[in-house]
Structures are given as C-alpha cells and as structure tokens.
Amino acid sequence: LRTAREAYGRREWSQAHSLLGRLDAAAPLAADDLERLAVAAYMLGLDDQQLAALARAHHAHLRDGDRAGAVRAAFWLGVHLTIRGEVGRAGGWLGRAQRLLEHEAGDCVERGYLSSADALRAMVAGDWRATRAAAADAVGVGERFGDPDLVALGLIDLGRALIEEGLAAEGVGKLD
C-alpha cells in the first residue's frame, strides 16, 4: 500500500492504478485509497472504473462517519456524470451531497463545492448569470478555506460565463 501511495504521489498513474487495483481485489481499500484509485483511473481514461471507485469511496466515507468526505465523493461523481451527459444520475449524486450537508451547521468548504456544482448545472442550462453567481460563491468559499482546487473550479466557470456574456477580456483574465 505504501508503494501504491508513493506511485500516486509521483503521479505514476499506471503503476498506482495497478497496485491499488490488486490491493483492492485482495481486501477492500479504505475511502482515501479508493479516491486515489478513482483519480488514477480517471487519469488513464478509465471512466467507468473511476465512477465505481468514487461511489465506493462515498459509501466508505459514510460508513466511517466522514460526512464531508462522502459529500466530496458525491460531488465529483455528479460533476463527472454531468460531463458525460448523464444528467439524471448526476442530479441524484449532487442531491445526495446536498442532503448530507443539510445536517451540517455553519460554513464549510463542501458548501463551496456544491456552489461549483450549481455553476455547472447553470452552465449546462445556458444560464450565464446564475453560472456567474454560483461560480463567484465557489471562489469565495475556496479562498476562505484555502482550497486552491475549489478556487480554480470557480474561476474556470466564472471565466466561461463572462466570455459567454460577451465580456471576453474579463473572462479570459479569470481563466489565466
């Protein structure tokens, strides 16, 4: 497992995927390692394996009492399914993430990820104003919590919305 994690850390996707897959076949991986398996599968273009590993990671996080981890896994499932055009399944996973957060008090980075999902849904619908608002919220949450991935997701969506609204220079500046 240490060797698999080290390969993952070096971004040696094929080796990480192979090792994690073999380990998982012998004994189910923990949630964090299932997420690593999902990323490695994604980087190798193995979309179905990625989605299966993310779904298992979601359930493992729930089993471990890690609601935030379960929300993040459901978010990524929803995003990747949306990109694949599987809007119904995506909505189910994003709805699940939202319901999990309803029981959480206060602000958290996972709420920002759900704002990013709202931006993606608005983008698919062609509602650029709603895309802009949700993306700006995601950026703000990402900045508050020091989450560069969330900031990047929000800026990409914000830039795309601005470009679509005819504000190309401002939009490209967000993409930089």
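A few points about this structure:
- Residue-level analysis places Gly112 outside the set of residues that are open to solvent by less than 10 Å² (accessible area, probe 1.4 Å), part of a helix (DSSP H, G or I), within 24 Å of Gly9 (Cα to Cα) and not hydrophobic (A, V, I, L, M, F, W, C).
- Matching residues in the range 81-109 - criterion: being under 15 Å from the mean Cα position of the chain (by Cα), open to solvent by less than 30 Å² (accessible area, probe 1.4 Å) and over 18 Å from Gly142 (Cα atoms): Leu81, Thr82, Ala90, Leu94, Gly95
- Residue satisfying condition, being crowded, with 21+ Cβ neighbours inside 10 Å and outside any helix (DSSP H, G or I), within set Leu20, Leu29, Leu51: Leu29
- Long-range neighbours under 6 Å by Cβ, at least six apart or interchain, first residue closer than 15 Å to Met123 by Cβ within the range 159-176, second among the acidic types (Asp, Glu): Leu162/Glu170
- Evaluation of Asp137 against (1) closer than 20 Å to Ala57 by Cβ; (2) open to solvent by 60 Å² or more (accessible area, probe 1.4 Å); (3) in a helix (DSSP H, G or I); (4) in contact (Cβ under 8 Å) with a residue 24 or more places away in the chain (one fails), failing number: (1)
- Among residues of the range 140-173 being part of a helix (DSSP H, G or I), in contact with a helix residue (DSSP H, G or I) (Cβ under 7 Å, 6 or more places away or on another chain) and of a type in the set (D, E, K, R), the one that is most open to solvent (accessible area, probe 1.4 Å) is Glu143.
The values are calculated or read from the model by the stated rules, or taken from the named source; none is laboratory data. Please read all numbers here as calculations on a predicted model, not as lab measurements. No Cβ is skipped: glycine too gets one built from the backbone with ideal geometry, and neighbour counts run over all protein chains shown. For accessibility, only protein heavy atoms count, side chains too; no ligands or nucleic acids. Shrake-Rupley method; radii C 1.70, N 1.55, O 1.52, S 1.80 Å.
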